[in-house]
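Visitor: Below is a structure I'd like to ask you about.
The values are calculated or read from the model by the stated rules, or taken from the named source; none is laboratory data. What you see is a predicted model, and the numbers here were worked out from it, not measured in a lab. Every residue, glycine among them, receives a Cβ derived from its backbone with ideal geometry; neighbour counts consider all protein chains shown. Remember, those area values only see protein heavy atoms, side chains included, never the ligands or the DNA or RNA. Shrake-Rupley method; radii C 1.70, N 1.55, O 1.52, S 1.80 Å.
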Amino acid sequence: MIRTPYGRGWHLAEGIEWRSRGIAFLCQDVRGRHDSTGSWEPYVHEREDGAALAEWLQDQPWTPKCVIASGASYAAGTAWAFAAETNSADRSFRVDAVVSKVPTIGSDRVKRDPSGILLLAEHLAWWGEHGDSSSSREGFIPALMRSDSALLEHLPAQSMIEKVGLTSDSPGWVTPINRARERQPYGSDDLVSADDLSELDVAGLHIGGWDDAMIRETLRHYASVERGPQSLIVGPWAHDLRPGMVGETSFGHLQVEWMESIFSARPATINRVFDRGAGEWSTEPYVMGANRVRLEPDPGTAPFSFTHHADEGRNDCVVWTFDMEVECVLSGTPSAELTVHSPEGEADWIVELSIVDSAGVSRSIARGAGVSLCSGTLTIDLDPVLHTLRPGDVLSLQIAGSDFPRLARNLGDGDRYRGTRCTALHQSFSGSLTLPILGGTDGE
């Protein structure tokens, strides 16, 4: 069962293949999209519409004995919502399993960074192509940006959508911006809460990519659904899950194998997690490194201040480097602990962790962001990773005041979403990098 905002026509070949295997396949356009009536309000009606679909299913003469909810991106969120709506005891059936690929489970998770800052480029691209009407305009925003390279620099950011001729006061456009402005608790608009996930008794197949912005979500769901067997496939992929030059694997074949094990009432557990440092797949379950190793820069040589030139479009940064002397496996969520100071008040702190190998090739593996409202201590969690570090590798931590256009920039005038005046922000700090390591001794 799939509920999607992207058009059920995309799933025709998939449905025909399942039918040939004797499996019923159901695909539904969500409310207000393509062939479904009603008003399109992203992430608003999916629980109630999932419940209505469950009511319809249990009234059919062929009410299924085994149901798998499946989906990618937004449709993964609707799959979890449908599973949650069938989890109560008064239903004649329950969802037995969920296939969750690069899941987006609420507007916060896909429109805001965990720091709370609006994901500006993502919000404009998705809303401009999918959010404004019942049908999609594939490639609309990239085409506009080719003709106007400064599109994302438009101020105020809240009215940027007017530059592309779409509705600026639509709830789908302004709600994530307002939630960011008001610093609403991150994830508080989830379709399925953390408590809901923990109560689900379903098998789960979680598929994600290390270069996907939703990798934190993929791993959060994998860890949260504890009452059924959970499987995980994470490769060197981005949100579209297209295999790159390394680490190719047929997760489609593994997905079918897993789903057929559910239908046969013999749930399989399949784990495939790609270690980009080793260039190999692991079949072991993904675990967080139990040992936290703290690295501190050399106070005699490391810089500890920079200026974010929001007014000039320039972005100075600080780079710390750490030489690796022994092989170890980095597995889990690195973090940066900073003691920060910015005389102008609110400031952004962007950190990016890269690895430079012995051949001089640099690869970014994780990044994170934080916002300070005043001087003090700030802990920034980076993206989760699995990466074998070799002797001779160099860890590089870049610290800056902006990740524009990915994140809405801090203008320095008190309101990054409605402001039109840019100023420079002077930022200074001290701190350390903490790594989660498999094996070894804590702190060594």
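Here is a yes/no grid of residues against (1) touching a helix residue (DSSP H, G or I) at 6+ places or on another chain (Cβ under 9 Å); (2) open to solvent by less than 20 Å² (accessible area, probe 1.4 Å):
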{"position": "Arg112", "(1), (2)": "yes, yes"}
{"position": "Asp132", "(1), (2)": "yes, no"}
{"position": "Phe140", "(1), (2)": "yes, no"}
{"position": "Ser149", "(1), (2)": "no, no"}
{"position": "Ile161", "(1), (2)": "yes, yes"}
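Visitor: Of the numbered conditions (1) surrounded by fewer than 16 Cβ atoms within 10 Å (Cβ to Cβ); (2) within 18 Å of the chain's Cα centre (by Cα), Ala125 fails exactly one; give the number of that condition.
Guide: (1)
Visitor: Is it fair to say Gly279 is at positive phi and either of a type outside the set (D, E, K, R) or in contact with a Pro (Cβ under 9 Å, 6 or more places away or on another chain) (or both)?
Guide: Numbers: at positive phi: yes; either of a type outside the set (D, E, K, R) or in contact with a Pro (Cβ under 9 Å, 6 or more places away or on another chain) (or both): yes.
Judged against the criteria, Gly279 is a match.
Visitor: Can you tell me which residue is most open to solvent (accessible area, probe 1.4 Å) among those in the range 336-365 that are among the β-branched types (Val, Ile, Thr) and closer than 25 Å to Ala213 by Cα?
Guide: Val361
Visitor: Quick check, is Gly368 open to solvent by less than 60 Å² (accessible area, probe 1.4 Å) and not charged (D, E, K, R)?
Guide: On the way: open to solvent by less than 60 Å² (accessible area, probe 1.4 Å): yes; not charged (D, E, K, R): yes.
Considered against the rule, which asks whether it is open to solvent by less than 60 Å² (accessible area, probe 1.4 Å) and not charged (D, E, K, R), Gly368 comes out as yes.
Visitor: I would also like to ask the following. For the range 423-444, which residues satisfy the criterion of being surrounded by 18 or more Cβ atoms within 10 Å (Cβ to Cβ) and under 17 Å from Leu155 (Cβ atoms)?
Guide: Across the range 423-444, the qualifying residue is only Leu425.
Visitor: Any idea which of Thr379, Thr333 is open to solvent by less than 60 Å² (accessible area, probe 1.4 Å), among the polar types (S, T, N, Q) and in contact with an Asp or Glu (Cβ under 7 Å, 6 or more places away or on another chain)?
Guide: Numbers: Thr379 fails: open to solvent by less than 60 Å² (accessible area, probe 1.4 Å).
Going through Thr379, Thr333 in turn, just one is open to solvent by less than 60 Å² (accessible area, probe 1.4 Å), among the polar types (S, T, N, Q) and in contact with an Asp or Glu (Cβ under 7 Å, 6 or more places away or on another chain): Thr333.
Visitor: Can you find a residue that is on the phi > 0 side of the Ramachandran plot, over 15 Å from the mean Cα position of the chain (by Cα) and open to solvent by 10 Å² or more (accessible area, probe 1.4 Å) anywhere in the range 177-187? Before you say what the answer is, go through the steps one by one.
Guide: To start, the set of residues in the range 177-187 that are on the phi > 0 side of the Ramachandran plot comprises 183, 187.
Okay, now just the ones that are also over 15 Å from the mean Cα position of the chain (by Cα), so 183.
Still in the running and open to solvent by 10 Å² or more (accessible area, probe 1.4 Å): 183.
The answer is yes, given that some residue of the range 177-187 is on the phi > 0 side of the Ramachandran plot, over 15 Å from the mean Cα position of the chain (by Cα) and open to solvent by 10 Å² or more (accessible area, probe 1.4 Å).
Visitor: A further question on this structure: For the range 314-330, state whether one or more residues are in contact with an Asp or Glu (Cβ under 8 Å, 6 or more places away or on another chain) and under 30 Å from Asn271 (Cβ atoms).
Guide: Taking every residue of the range 314-330 in turn, at least one turns out to be in contact with an Asp or Glu (Cβ under 8 Å, 6 or more places away or on another chain) and under 30 Å from Asn271 (Cβ atoms).
Visitor: Also, quick follow-up: Could you please tell me which pairs satisfy a Cβ distance under 6 Å, a separation of 6+ or placement on different chains, a first residue in the range 141-155 that is free of Cβ contacts under 8 Å to residues at least 60 places away in the same chain, and a second residue that is small (Gly, Ala, Ser) and open to solvent by less than 50 Å² (accessible area, probe 1.4 Å)?
Guide: Pairs found: Ile141/Ala125; Ile141/Gly128.
Visitor: Among the residues in the range 193-216, are any of a type in the set (Lys, Arg), over 18 Å from the mean Cα position of the chain (by Cα) and open to solvent by 40 Å² or more (accessible area, probe 1.4 Å)?
Guide: Of the residues in the range 193-216, the ones of a type in the set (Lys, Arg) are 216.
Among the residues that remain, those that are also over 18 Å from the mean Cα position of the chain (by Cα) are: none.
No, because not a single residue in the range 193-216 is of a type in the set (Lys, Arg), over 18 Å from the mean Cα position of the chain (by Cα) and open to solvent by 40 Å² or more (accessible area, probe 1.4 Å).
Visitor: Please tell me if Thr379 is without any contact (Cβ under 8 Å) to a residue 60 or more places away in the chain and closer than 30 Å to Thr218 by Cα.
Guide: It is true that Thr379 is without any contact (Cβ under 8 Å) to a residue 60 or more places away in the chain and closer than 30 Å to Thr218 by Cα.
Visitor: Also: Is it true that some residue in the range 237-246 is without any contact (Cβ under 8 Å) to a residue 12 or more places away in the chain, more than 26 Å from Val110 (Cβ to Cβ) and among the acidic types (Asp, Glu)?
Guide: No: zero hits.
Visitor: What are the residues in the range 4-44 that are open to solvent by less than 50 Å² (accessible area, probe 1.4 Å), among the aromatic types (Phe, Trp, Tyr) and over 21 Å from Ile105 (Cβ atoms), if any?
Guide: Once the filter is applied, which keeps residues that are open to solvent by less than 50 Å² (accessible area, probe 1.4 Å), among the aromatic types (Phe, Trp, Tyr) and over 21 Å from Ile105 (Cβ atoms), the range 4-44 yields only Trp18.
Visitor: OK, next. When you check His221 against the structure, is it in contact (Cβ under 8 Å) with a residue 40 or more places away in the chain, open to solvent by 20 Å² or more (accessible area, probe 1.4 Å) and in contact with a Ser or Thr (Cβ under 8 Å, 6 or more places away or on another chain), yes or no?
Guide: On the way: in contact (Cβ under 8 Å) with a residue 40 or more places away in the chain: yes; open to solvent by 20 Å² or more (accessible area, probe 1.4 Å): no; in contact with a Ser or Thr (Cβ under 8 Å, 6 or more places away or on another chain): yes.
It is false that His221 is in contact (Cβ under 8 Å) with a residue 40 or more places away in the chain, open to solvent by 20 Å² or more (accessible area, probe 1.4 Å) and in contact with a Ser or Thr (Cβ under 8 Å, 6 or more places away or on another chain).
Visitor: Considering only residues that are of a type in the set (Val, Ile, Thr) and more than 20 Å from Gly116 (Cα to Cα), which ones fall in the range 157-176? Spell out how you get there, then give the answer.
Guide: Just the residues of the range 157-176 that are of a type in the set (Val, Ile, Thr), to begin with: 161, 164, 167, 174-175.
The answer is Ile161, Val164, Thr167.
Visitor: Now, a different point. Please state which of the following conditions Ala84 fails to meet, knowing it meets all the rest: (1) under 21 Å from Tyr186 (Cα atoms); (2) open to solvent by less than 10 Å² (accessible area, probe 1.4 Å); (3) not charged (D, E, K, R).
Guide: (2)
Visitor: Follow-up. Quick one: how many residues across the range 319-338 are of a type outside the set (A, V, I, L, M, F, W, C) and within 20 Å of the chain's Cα centre (by Cα)?
Guide: The first filter runs over the range 319-338 and keeps only residues of a type outside the set (A, V, I, L, M, F, W, C), leaving 321, 323, 325, 327, 331-335, 337.
Imposing the further condition that a residue be within 20 Å of the chain's Cα centre (by Cα) reduces the set to 331-335.
Looking only at that region, the number is 5.
Visitor: While we're looking at this one, here's another question. Identify, please: which residue in the range 382-407 is open to solvent by 20 Å² or more (accessible area, probe 1.4 Å) and charged (D, E, K, R) and is, among those, nearest to Ala157 (Cα to Cα)?
Guide: Filtering first and then ranking leaves Arg406.
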